[in-house]
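What follows is a short report on a single structure.
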Amino acid sequence: MRQLLIVCLYARANERRYKTADFNQQTTQSMSPCPFPRRRHYKEPCYRVAAVGFGLLCILLLAAVTVLATNNTQLQISYNIPNDNFQTNYSNLVKLIDQLQKENAALQKKLADLAKHAQLGWVYFSSSLYFISTEKKSWTDSRQDCSRKGADLVIISSREEQEFIIKQLDGDKAWIGLSDRSTERVWKWVDGTALTTAYWAKGEPNDAGNEEDCAEIWSSADRKGWNDVTCSRKERWICEKLDFQW
Ligand code: BGC
Ligand code: CA
């Protein structure tokens, strides 16, 4: 009996394998060496229900994907979004970050440069840096000092600049980059340009003693403006670095 049971177990196992491989059920029944009748619940409906369920699920998913794809296309059409919108935005963002990083680096460099100048006594005004000496030198020696500093004697080209310098001088006087040494009474700036708008003090230039060819700026309460004076006189001086842009 025990042996028969084992034979039966093997036989049923084989039948299941045959069925999986799509064998005819009748054939497996007739081939079976097992004399016991097959149990009623051991048959296909389970697989069939699962297969049908799976099929239905697939159909549902397909329907859902179709609906979503249609909606997406309609959204793209109604909002005029290009297909490669994400890619375009991403590469634009990368370019923007790169540009901002470069601008930031340039700005940091400018800031460090400005801090260095400020430490040496330079003052910033309207795209220029100004240095007012405490020492006194002749007009030519003053100009040389400016040149050593990467600048030149100041060129005053607006009323605002004139007022700014007068304020900085605080009652004192200093050389500016103007002279008529080449041709008497033809005043020229150190960059070679002719004088157009002048801010001479009252009664100046007077070429006192026929020997005043260099210009200084006065900032005292009673005498404000430019004066011509002997170039060899020792005075304070003002250097200017033009075009210090941000
Ligand atoms: C005069 C100036 C002159 C200066 C020379 C002043 O009193 O007003 O014109 O350049 O003396 O030191
Ligand atoms: Ca004078």
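Does SER158 qualify as being touching a strand residue (DSSP E or B) at 6+ places or on another chain (Cβ under 9 Å) and surrounded by fewer than 19 Cβ atoms within 10 Å (Cβ to Cβ)?
Working: touching a strand residue (DSSP E or B) at 6+ places or on another chain (Cβ under 9 Å): no; surrounded by fewer than 19 Cβ atoms within 10 Å (Cβ to Cβ): yes.
No.
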**OP:** Search the range 218-233 for residues that are among the aliphatic types (A, V, I, L, M) and pair each with any residue that is near ligand 1 (Cβ under 8 Å from one of its atoms) when their beta-carbon atoms are under 6 Å apart and the residues are at least 6 apart or on different chains.
**Re:** VAL229/GLU212
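Coordinate-derived values only; no laboratory data. Please read all numbers here as calculations on a predicted model, not as lab measurements. Neighbour counts are summed over all protein chains in view; Cβ atoms, including those assigned to glycine, are modelled from backbone coordinates with ideal geometry.
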